[in-house]
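Worksheet for the structure shown next.
The values are calculated or read from the model by the stated rules, or taken from the named source; none is laboratory data. As the structure is a computational prediction, the values presented were derived from the model and not from experiment. A quick note on method: Cβ atoms are made from the backbone with ideal geometry, for glycine too, and the neighbour counts reach across all protein chains shown.
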Amino acid sequence: MRRFRLSTLDRYLLAQLIPPFLVSLAAVLAALLLERLLVLFDDLAAEGSSLATFVALLTDLLPHYLGLALPAALCVSVFLIIRRMSDNNEIDALMASGVSLLRIARPYMWTGLAVGFASILLYGYIQPVARYDFRSGFYYAAHSGWAPHLQAGMFATTADDSMLTADRVSRNGTILHDIFIRQREPGGAVRIITARRGLVTAVPSLKQTRLDLWDGLIVYDPRNGKGKATQTRFTHSMRVFDQSRSTATFRSRGIDERELTLFELATRLEASHQRQGETGTQGGITRSSLRAELDFRLARAIAIPFIPPLAVALAIGAKRRRPIIGLIALALVLVGFDHMLQFGHGLVATDSVRGLYAIWLPEIVFSATCFASIFRRSRGSWRRRKAIPLQRKRARRPS
């Protein structure tokens, strides 16, 4: 148990990591989500969906952008901490007491390993299901009824045999003016509703459309001599039109390899190898696409523990050098590596190159570069620290 006990130095370094990591994670998430949120909000507003639908789709989007934000937040927070400690001479004091730079980076390397394990769960299981839920939710939001497509002067028929029209329509069919509705009821009765203004929204179930009416009149005619016709004035009335019969069911999960979990990818890939002589696809997905997706997810998760050593190595530099230079170099390396993995994923998916060369070779080069940078920086610091006492001894010799 002593081997895994955190020392005072480890607790200090990890305590320094938590605040900038949370701030960086929130900032990166906000930057990634901002543009997508505006587009999503505009699309849902055009479809007449409710705020609950927007929140549900936003929740499904979070796992995708969280997978991009976690490595970036870890990288930025480690870089800023080590750079601040270097500027405050804390790194020099630790090295003077016999603590190597590799020992300083050790708690951050363990943190990167923990984030890497969490990313396997995120990339392998949470993101595929969330991706399918987002596509399904957006499909039902776009096909929840006739309301988003209602135009001025157009006659729309709902699922319960009601007819609706409006003289003027605004905000993509969500606000209606001078409304006329005719509803047929069992037994032949007819209900006529008119209103000056109306508001159309989608019920959170996404299978109904709600229509709020203001300043109107309801005329009820029972027909067949069963009673007298009545009329009722109202200031506000609400109608709900069931759209479940007119909305098609969304497809099942698994038609896209990005919607499959790691276990499902491995299972289909194994089945495709067993049936290699019969067919080249599994459920409409080629073997090369399955292999590319599996290798791509694993490579991204395995690369995360190697980010902290690289950030520590680039954060240690000359006192007079601007810290932005190291941060730019770090960003270029990480962005270039991510684009290289995506390019390799495309090559493997089209069966142009094997995954060993297109995905795993860049992974090995990146990992080796990260460790080589921290070892080189740690060895250079050790040599400078050993050279200082020698110069002092030589200065004390009598002439």
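Restricting VAL76, VAL99 to residues that are surrounded by 20 or more Cβ atoms within 10 Å (Cβ to Cβ), hydrophobic (A, V, I, L, M, F, W, C) and more than 30 Å from TYR132 (Cβ to Cβ) narrows the list to VAL76. The test for being in contact with a Phe, Trp or Tyr (Cβ under 8 Å, 6 or more places away or on another chain) and closer than 15 Å to TYR12 by Cβ holds for VAL78. In this structure, does ARG106 turn out to be surrounded by fewer than 16 Cβ atoms within 10 Å (Cβ to Cβ) and either in a helix (DSSP H, G or I) or not assigned by TED's automatic domain parsing to the domain that holds VAL333 (or both)? It is false that ARG106 is surrounded by fewer than 16 Cβ atoms within 10 Å (Cβ to Cβ) and either in a helix (DSSP H, G or I) or not assigned by TED's automatic domain parsing to the domain that holds VAL333 (or both). Residues that are among the charged types (D, E, K, R) and closer than 15 Å to TYR65 by Cα within segment 88-132 comprise just one, ARG131. Taken over segment 221-254, the criterion of being modelled with pLDDT of 75 or more, assigned to a loop (DSSP other than H, G, I, E, B) and surrounded by fewer than 11 Cβ atoms within 10 Å (Cβ to Cβ) is satisfied by LYS228, SER252.
Looking at ILE307, ILE359, ILE316, ILE302, just one residue is in contact (Cβ under 8 Å) with a residue 60 or more places away in the chain and in contact with a Lys or Arg (Cβ under 6 Å, 6 or more places away or on another chain), and that residue is ILE316. Checked against (1) surrounded by fewer than 19 Cβ atoms within 10 Å (Cβ to Cβ); (2) modelled with pLDDT of 80 or more; (3) out of contact with any strand residue (DSSP E or B) (no Cβ under 6 Å at 6 or more places or on another chain), ARG168 passes all but condition (3).
The one condition from (1) of a type in the set (A, V, I, L, M, F, W, C); (2) modelled with pLDDT of 85 or more; (3) in contact with a Leu (Cβ under 9 Å, 6 or more places away or on another chain); (4) surrounded by fewer than 19 Cβ atoms within 10 Å (Cβ to Cβ) that PHE54 does not meet is (2). The sole residue among LEU314, LEU332 that is surrounded by 19 or more Cβ atoms within 10 Å (Cβ to Cβ) and among the aliphatic types (A, V, I, L, M) is LEU314.
Only one entry of LEU356, LEU327, LEU314 meets the criterion of being modelled with pLDDT under 90 and in contact with a Leu (Cβ under 6 Å, 6 or more places away or on another chain), and that entry is LEU314.
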